[in-house]
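Let me begin by presenting the structure, written as structure tokens, before commenting on it.
The values are calculated or read from the model by the stated rules, or taken from the named source; none is laboratory data. On a predicted model such as this, the values are computed, not experimentally measured, just so you know. Neighbour counts are summed over all protein chains in view; Cβ atoms, including those assigned to glycine, are modelled from backbone coordinates with ideal geometry.
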Amino acid sequence: MAAPSQQLSETPIPAGTNRLACLRALERKLLWLSAWMIHHANHIRPNRDGMKVGGHQASSASAVTLMTALYFDVLRPEDRVAVKPHASPVFHSIQYLLGHQTRENLQQLRAFGGIQPYPSRTKDVDDVDFSTGSVGLGVAITIFASLVQDYVRFKNFGPDDLAQGRMVALVGDAELDEGNVYEALLECWKKSIGNVWWIIDYNRQSLDSVISDRLFSRFDELFESFGWRVVTLKYGKRLLRAFEQPGGGALRKWIDDCPNELYGALTFKGGAAWREHLARDLKGTAGIKGLLDGHDDEQLHALMTNLAGHDMESVSEAFHSVDDDTPTCFIAYTIKGHGLPFAGHKDNHAGVMNPDQMERFRQSMGIAEGREWEPFSGLEAEADELREFLANVPFAQRYPRRYTAAAIEVPQRLDVTLRPMMSTQDGFGRILDEIGRGDSALAERIVTVSPDVTVSTNLGPWVNRRGIFHRHEHEDTFAAEQVVSAQRWSSSRAGQHIELGIAEQNLFLLLGALGLSGPLFGARLLPVGTVYDPFIRRGLDALHYACYQNARFMLVATPSGVTLAPEGGAHQSSETTLITLAQSGLAAFEPAFVDELAAIMRWGFAHMQAEDGGAVGLRLSTRPVAQPERTLGPELTAEIIKGAYWLHPPAPGAELAIAFTGAVAPEAQAAHAQILEDIPGAGLLAITSAERLHDDWMAVRRARRAGRTSTVAHTESLLAPLGADAALVTVIDAHPATLSWLGSVSGQRIYPLGVEGFGQCGDIPDLYRAYGLDANAILEAAARACLRRLA
Ligand SMILES: Cc1ncc(C[n+]2csc(CCOP(=O)(O)OP(=O)(O)O)c2C)c(N)n1
Ligand SMILES: [Mg+2]
């Protein structure tokens, strides 16, 4: 394991440095660079297609003080941060000033291969900890990352020098509208998770609108009720001093009572408008006239917009005041677009300064024309001090902060005792149980997770062996009371199963965090999460989010399909195969037999660790099916991993083949056996992964376009023995489109069978008949195929 280089010295800022002055200067620089970067992308870089490039100058300006204090003063290398999506330009400007980002990249904001609109840990080059973009997800993953940090630390899996970090989210206030945030908060409370900071950029604006005044104080209560400390940063020092002056009490009350919309409007209009309202509303209040007369319009505007989230001293004090691991929420009042011409305007979310405004802004920053990208232009007088300050920033004392974790050895094969009739879900439980019996490295590093479906997805035996993970020991009371139960669920720091409440977004966020434990905490984990297949939909964006970050995990979706017969339409799934077919970063399998499953899981644990690997998805079933009597050799194993093999090879030039996936194997086998009586050369193709076949086919097409004409797709080789005009009946307990693309590979005619409508309850014979998945339906499709009638 390659650990990041240096150790951190506690307070590296040199004595005598005017810390606040440096921070304020850097704050100005970040405001400039983030706005300029967006301006450059929109107004200076050539535009070839007439499309608006965009970028968020107002959102960035809102977060500049908070991010300056965080990155240049408060954070330590072991801290991990999810930056609110629209502050991406500020983040990259910070890395630029620290020497970790290039000017060329800043000039390529939102261009192909350039800086991403929203921080991306896979696409940006400057050490992004968590990708963000889909609001709410970056916020919540910090909770799960903290849980993973605990897991790694309690088990001593990490490098020796792994220091405990804070998992920090810089949160747009509208992100708190996302329900997944509260699902995570609840889990945070249940698991006593600490070391989490959420810093809310409370500008009281979302994309479309100004946030309701009635929301005020809701957040405090909400967070406190979940056991969080709430630190509210409302008024800056200047305003606090003004409140001490004659008339100050009335001024404070006026601001406290000022509706968010009016505050925004006056912020946009400026000093004269503040004066008019204050003079009218506080007429006759002692001290107010003196206060107004003592400030010109510019000063009055500066005073009235002196919110703590833009007051470096207040922000710095607040951050430094927290020194324990209680989860903490900072509610920092800010102004969207602070310091820019559209500050406070309700429509400023996507606003970009026009060239005239930018020109005035440049002049106000004292930046000479042509020196816009220079790190210290406009700050020439203090450049040396700033250089030294930046060289000593604690956060930057280690770079890069990512770890490379050593691979965990995966045995050549995973053992499982096959029974004549067995379901893949049963097989999954037994394979894991078998692993859990031993003391291999693999057994040590697997961590399982389930959102309240541990028992019903056959994880029970594994959990009995390996225990539940929790910060606090908890005995299984039922076991202690000698109540007979198949489940023995005691919790401790040694446990290897994390039990979640029923919240599938939490499952995927936790799988995402566990799947990043290598780069984040220097310890490779092999996370396995189980979920009912239909409820993948419930956490879909979080699944996508985990894959987008290149997190490595095994998702076991079971049970699935209408095969879950008596459970009915609410629990059955048909379109999940299309979801996983399309999901980038997830190799998706649906084996029919348990020996296939064992081979796939073995490969999966290796794939989760490969440089060019990814996450793995398994769609399983509770239907017992007859297991083939065979021993998988290397060739067959390789084909299973590639996605398909001939269970019964076709004769050369065969005019018909049946291709099936998963639990419908018995129907496909029965129909095929009958067809052989009439068409002795008919083949039976077992498809273990439509996704892998499709992926490979696409890759081969790309290779050919690139001139590598000798490459052949696995599907092409498989289908080659069939006649050019042969028919292929495909059958799957899922949407038929999962397999119907196969006809495009080599031109065979496809007769696709599958489930198109909502499911319903019944038994398998009834449902397979109703949905056209039974042997008769396959035979009928084959007959039509042979008669060349389009089905
Ligand atoms: C899940 C999701 N839905 C919608 C959007 C589109 N969107 C982008 S920003 C935004 C509002 C953000 O407001 P806030 O979080 O308060 O950020 P700020 O005011 O700091 O820009 C919305 C709705 C998104 N990025 N993600
Ligand atoms: Mg906002």
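Brief remarks follow.
- Meets criteria (hydrophobic (A, V, I, L, M, F, W, C), in contact (Cβ under 8 Å) with a residue 12 or more places away in the chain and either surrounded by fewer than 15 Cβ atoms within 10 Å (Cβ to Cβ) or touching a Ser or Thr at 6+ places or on another chain (Cβ under 9 Å) (or both)) for residue 685: yes
- Taking helices (runs of 4 or more DSSP H) as the structural unit, those lying wholly within the range 436-513 and holding at least 1 residues that are in contact with a strand residue (DSSP E or B) (Cβ under 6 Å, 6 or more places away or on another chain) and either touching a residue at least 24 places away in the same chain (Cβ under 8 Å) or within 19 Å of residue 154 (Cβ to Cβ) (or both) correspond to 441-445, 460-466.
Each row is one residue, and each column tells you yes or no for (1) away from ligand 1 (no atom under 16 Å from the Cβ); (2) more than 21 Å from residue 347 (Cα to Cα); (3) buried (at least 24 other Cβ atoms within 10 Å of the Cβ).
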site: 41; (1), (2), (3): yes, no, yes
site: 44; (1), (2), (3): yes, yes, no
site: 47; (1), (2), (3): yes, yes, no
site: 51; (1), (2), (3): yes, no, no
site: 59; (1), (2), (3): no, no, yes
site: 64; (1), (2), (3): no, no, yes
site: 67; (1), (2), (3): no, yes, yes
site: 76; (1), (2), (3): yes, yes, no
site: 79; (1), (2), (3): yes, yes, no
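- For beta carbons closer than 9 Å, sequence separation of 6+ or different chains, a first residue in the range 190-209 that is over 18 Å from residue 138 (Cα atoms) and without any contact (Cβ under 8 Å) to a residue 12 or more places away in the chain and a second that is in a loop (DSSP other than H, G, I, E, B) and more than 9 Å from ligand 1 (Cβ to nearest atom), there are no qualifying pairs.
- No other residue among 615, 606, 592, 626 is closer than 17 Å to residue 411 by Cα, of a type in the set (Gly, Ala, Ser) and modelled with pLDDT of 95 or more apart from 606.
- Inside the range 316-336, residues that are among the hydrophobic types (A, V, I, L, M, F, W, C) and either surrounded by fewer than 15 Cβ atoms within 10 Å (Cβ to Cβ) or within 16 Å of ligand 1 (Cβ to nearest atom) (or both) make up a count of 5.
- Some residue of the range 254-275 being modelled with pLDDT under 95, touching a strand residue (DSSP E or B) at 6+ places or on another chain (Cβ under 6 Å) and more than 19 Å from residue 345 (Cα to Cα): no
- Residues in the range 18-67 that are within 16 Å of ligand 2 (Cβ to nearest atom) and in contact with an Asp or Glu (Cβ under 9 Å, 6 or more places away or on another chain): 59, 62, 63, 64, 65, 66, 67.
- Cβ-Cβ under 7 Å pairs, at least 6 apart or on other chains, the range 145-173 side in contact (Cβ under 8 Å) with a residue 60 or more places away in the chain, far side within 16 Å of ligand 2 (Cβ to nearest atom) and among the basic types (Lys, Arg): 170/84; 171/84; 172/84
- For residue 329, the criteria (1) closer than 28 Å to residue 64 by Cβ; (2) part of a helix (DSSP H, G or I); (3) touching a residue at least 40 places away in the same chain (Cβ under 8 Å) hold in every case but one, which is (2).
Here's the yes/no breakdown for (1) part of a loop (DSSP other than H, G, I, E, B); (2) touching a strand residue (DSSP E or B) at 6+ places or on another chain (Cβ under 6 Å); (3) not small (Gly, Ala, Ser):
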site	(1), (2), (3)
378	yes, no, no
381	no, no, no
387	no, no, yes
414	yes, no, yes
429	no, no, no
434	no, no, yes
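- For the range 553-565, the criterion of being at pLDDT below 95 and over 15 Å from residue 692 (Cβ atoms) is met by at least one residue.
- Of the residues making up the range 211-229, those that are part of a loop (DSSP other than H, G, I, E, B), hydroxyl-bearing (Ser, Thr, Tyr) and away from ligand 1 (no atom under 16 Å from the Cβ) number 1.
- The range 258-286 residues that are in contact (Cβ under 8 Å) with a residue 40 or more places away in the chain, paired with ones that are part of a helix (DSSP H, G or I) (beta carbon under 7 Å, 6 or more apart): 259/213; 260/213; 266/273; 266/274; 266/277
Residues checked against (1) touching a helix residue (DSSP H, G or I) at 6+ places or on another chain (Cβ under 7 Å); (2) in contact (Cβ under 8 Å) with a residue 12 or more places away in the chain; (3) hydrophobic (A, V, I, L, M, F, W, C); (4) within 24 Å of residue 422 (Cα to Cα):
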site: 581; (1), (2), (3), (4): yes, yes, yes, no
site: 598; (1), (2), (3), (4): yes, yes, yes, yes
site: 605; (1), (2), (3), (4): yes, yes, yes, yes
site: 634; (1), (2), (3), (4): no, no, no, yes
site: 643; (1), (2), (3), (4): yes, yes, no, yes
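- Considering the range 690-732, the residues that are among the hydrophobic types (A, V, I, L, M, F, W, C) and assigned to a loop (DSSP other than H, G, I, E, B) include one that is surrounded by the most Cβ atoms within 10 Å (Cβ to Cβ), namely 713.
- Any chance residue 240 is without any contact (Cβ under 8 Å) to a residue 24 or more places away in the chain, surrounded by fewer than 20 Cβ atoms within 10 Å (Cβ to Cβ) and away from ligand 1 (no atom under 16 Å from the Cβ): yes
- Yes/no for residue 575 being among the acidic types (Asp, Glu), surrounded by fewer than 24 Cβ atoms within 10 Å (Cβ to Cβ) and at pLDDT 95 or above: yes
- Residue within the range 103-115 that is farther than 18 Å from residue 402 by Cα, touching an Asp or Glu at 6+ places or on another chain (Cβ under 7 Å) and away from ligand 1 (no atom under 13 Å from the Cβ) present: yes
- The one condition in (1) buried (at least 22 other Cβ atoms within 10 Å of the Cβ); (2) over 18 Å from residue 627 (Cα atoms) that residue 428 fails to fulfil: (2)
- Contacts under 9 angstrom Cβ, first residue in the range 765-780 being closer than 14 Å to residue 735 by Cα, partner aliphatic (A, V, I, L, M) and surrounded by fewer than 16 Cβ atoms within 10 Å (Cβ to Cβ), 6 or more apart: none
- Just one residue in the set 223, 243, 219 is within 16 Å of ligand 2 (Cβ to nearest atom) and either under 14 Å from residue 177 (Cα atoms) or in contact with a Leu (Cβ under 9 Å, 6 or more places away or on another chain) (or both); that residue is 219.
- The residues listed here are 312, 304; of these, the one that is touching a residue at least 40 places away in the same chain (Cβ under 8 Å), in contact with a Leu (Cβ under 9 Å, 6 or more places away or on another chain) and within 30 Å of residue 225 (Cα to Cα) is 312.
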